[in-house]
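Only one structure is covered here, and it is reproduced in the block below.
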Amino acid sequence: MGFIKQDIEKLPRLFESMQLTKEYKEKGVDVKLAIDLVEFSINNKLDIAIVLSGDADLVPAVALARKFKKRVINAHLFTGSAAELRNASDSHFTIGKETLKDCWRKQEGMQS
């Protein structure tokens, strides 16, 4: 797969820097992700894309990125992950409960 443990351990910091919290609401995120993936691939602004999604609607954008010789890695949760997206990507990995547990900001009164 090409990932090492240190790369996976960086995910909580990445999610934190993106300000992803449990209150985060998806509003056109997959559309924006698809547009960015296509634009960055066409304009040669990336070599490797890590797509944090399980949505099969992203398959055409992933296919286009790969047509432009970009490597696409799908990071997904176990539940709700489309096999079509995993299969369209160069590789994929599951973000498990332990990784996610460290991603959410601790809020007063919340149980972990």
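Mind checking which residues of the range 65-95 are of a type in the set (Ser, Thr, Tyr) and in contact with a Ser or Thr (Cβ under 9 Å, 6 or more places away or on another chain)? Answer for the range 65-95, where residues must be of a type in the set (Ser, Thr, Tyr) and in contact with a Ser or Thr (Cβ under 9 Å, 6 or more places away or on another chain): SER81, THR94. Tell me, yes or no, whether the range 64-72 has at least one residue that is outside any helix (DSSP H, G or I) and within 14 Å of the chain's Cα centre (by Cα). Checked against the condition, which is being outside any helix (DSSP H, G or I) and within 14 Å of the chain's Cα centre (by Cα), the range 64-72 yields at least one hit. Taking the range 1-58 and the helices (runs of 4 or more DSSP H) fully enclosed by it, the elements with 1 or more residues that are at pLDDT 85 or above, touching a helix residue (DSSP H, G or I) at 6+ places or on another chain (Cβ under 8 Å) and among the polar types (S, T, N, Q) are at 29-42. Among the residues of the range 74-92, the one identified as in contact (Cβ under 8 Å) with a residue 60 or more places away in the chain and crowded, with 16+ Cβ neighbours inside 10 Å is ALA75.
Within the set GLU108, GLU98, GLU84, the sole residue that is at pLDDT below 90, assigned to a helix (DSSP H, G or I) and either on the phi < 0 side of the Ramachandran plot or under 13 Å from the mean Cα position of the chain (by Cα) (or both) turns out to be GLU98.
The values are calculated or read from the model by the stated rules, or taken from the named source; none is laboratory data. No experiment lies behind these values; they were computed from the predicted model shown. Neighbour counts run over all protein chains shown; Cβ positions are idealised from the backbone, glycine included.
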